[in-house]
1. Please state which of the following conditions Gly202 fails to meet, knowing it meets all the rest: (1) within 24 Å of Pro55 (Cα to Cα); (2) free of Cβ contacts under 8 Å to residues at least 40 places away in the same chain; (3) surrounded by fewer than 18 Cβ atoms within 10 Å (Cβ to Cβ).
2. Spot the failing condition for Lys251; the list is (1) within 26 Å of Lys46 (Cβ to Cβ); (2) modelled with pLDDT of 95 or more; (3) assigned to a loop (DSSP other than H, G, I, E, B), and only one is missed.
3. Any residue at all in the stretch 110-128 that's of a type in the set (A, V, I, L, M, F, W, C), closer than 25 Å to Glu37 by Cα and touching a His at 6+ places or on another chain (Cβ under 6 Å)?
4. Condition check: outside any helix (DSSP H, G or I) and modelled with pLDDT of 95 or more. Does Leu190 satisfy that?
5. Would you point out the residue of the stretch 274-291, among those that are of a type in the set (Gly, Ala, Ser) and surrounded by fewer than 19 Cβ atoms within 10 Å (Cβ to Cβ), that is modelled with the lowest pLDDT?
6. With the requirement that a residue be more than 19 Å from Ile297 (Cα to Cα) and at pLDDT below 90, what does the stretch 8-50 give you?
7. Go through (1) within 28 Å of Ile159 (Cβ to Cβ); (2) in a loop (DSSP other than H, G, I, E, B); (3) in contact with a helix residue (DSSP H, G or I) (Cβ under 9 Å, 6 or more places away or on another chain) for Ile135 and report which single condition fails.
8. Can you work out which of the residues in the stretch 142-187 that are hydroxyl-bearing (Ser, Thr, Tyr) and assigned to a helix (DSSP H, G or I) is surrounded by the fewest Cβ atoms within 10 Å (Cβ to Cβ)?
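The values are calculated or read from the model by the stated rules, or taken from the named source; none is laboratory data. A quick note: this is a predicted structure, and the numbers were derived from the prediction, not measured. For neighbour counting, all protein chains shown are included, and Cβ atoms are generated from backbone atoms with ideal geometry for every residue, glycine included.
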Amino acid sequence: MKSLNLHLKIIFFTAELFIRGLLHYIYAKYLLRNILEQSSSNLNIKILVCTIIVPELFAYPYATLAGKNLTGQHLRLLTLVCAVMPVNDSLIDNTEIALNRLEKLFIEYDSISPKNYNELLQTQLLNMIYQSDLIHENLFIPTLQNVHNAQIESRRQIIDTPNLEDLQEITANKGGYTAILFAYCVKNTLSTEEINFLYAVGYWFQLLDDLVDCKKDSKEEITTLANSLSNSEFQLLLNKQNRKIIHQIKKLPYSLWKKSTFLFKLFYLEKLSFAFFEEYNRNPQKSKSALVETIKILTSIRHAYKEILTFQDPLQSS
């Protein structure tokens with residue numbers, strides 16, 4: 001019976017990801033139609049991928065854990081915040097833009113004249129974000145600025161080779177503050193325990209993101225933990241972060257069932273990320289065909305399936 005329940009859980013979560021992901025894609029294309037018309041095709045892809053992945057892999061699981069129902073307003077805010085991230089990234093990655101201008105573009109966005117389309121897009125998106133009634137300005141805006149500062153610090157991964165300790169701090173801050181920001185799109189306020197938990201989860205997500213992008217980052221000479229550590233060292237770091245998440249989630253005032261469900265989804269995503277990593281190492285060429293890329297995704301899920309079946313609830317066994 002336990003094995004059957006796990007099979008059903010995997011099938012349900014996979015179907016949920018695909019169906020809701022498709023709906024998010026349609027919604028994002030509609031909401032951001034004017035933005036997408038002005039940006040490059042490469043940036044469009046990054047925006048749409050982010051607006052699908054973040055709600056699916058983080059926002060909905062976290063909302064379920066916290067007992068929050070996501071309304072249309074929540075989805076709109078999430079989509080806008082997801083969209084501004086790759087735009088801001090593209091500006092930060094452009095090492096010809098001075099740091100003081102990057103600060104002004106983000107903080108004084110309504111009083112500085114954009115010099116190109118990406119600067120204009122960021123200004124438009126920030127205007128739309130700050131108009132949301134869901135924002136608690138004293139909490140949301142400083143967190144958004146923390147994310148921006150972490151992204152600027154991550155520029156060192158492009159123009160420098162940070163030591164391991166600095167690289168861990170850069171990765172943790174980039175992922176941690178981003179997770180906290182997206183949580184503020186779901187809830188107006190967060191307890192200290194939730195912030196500590198979200199920071200740990202965000203770091204974990206950033207590690208997996210770096211793993212999936214390992215080949216691409218190496219080619220572009222971007223230094224990450226995934227391409228700096230051996231496979232065994234990276235796995236040890238990920239396991240350590242898993243233990244931190246389990247330690248932090250125990251402190252949250254949510255039901256055991258909700259906590260266990262959240263941890264299962266993280267376990268699912270971890271195994272799927274490693275399967276993606278292996279599949280794209282075998283077939284590194286990105287195809288222009290959506291069908292070919294979908295087959296790669298389905299192949300990764302099939303390879304990950306057996307691993308996912310080994311899930312043991314750490315809250316039940318501890």
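1. For Gly202, the failing item is (3).
2. Of (1) within 26 Å of Lys46 (Cβ to Cβ); (2) modelled with pLDDT of 95 or more; (3) assigned to a loop (DSSP other than H, G, I, E, B), only one is false for Lys251: (1).
3. no
4. For Leu190, the condition - outside any helix (DSSP H, G or I) and modelled with pLDDT of 95 or more - is met.
5. Going through the stretch 274-291, the residues of a type in the set (Gly, Ala, Ser) turn out to be 275, 287, 289-290.
Of the ones still in play, those that are also surrounded by fewer than 19 Cβ atoms within 10 Å (Cβ to Cβ) are 287, 289-290.
Numbers: Ser287: 53, Ser289: 60, Ala290: 61.
Per the criteria, the residue is Ser287.
6. The answer is Leu8, Asn34, Ile35, Leu36, Glu37, Gln38, Ser39, Ser40, Ser41, Asn42, Leu43, Asn44.
7. (1)
8. Within the stretch 142-187, the match that is surrounded by the fewest Cβ atoms within 10 Å (Cβ to Cβ) is Thr143.
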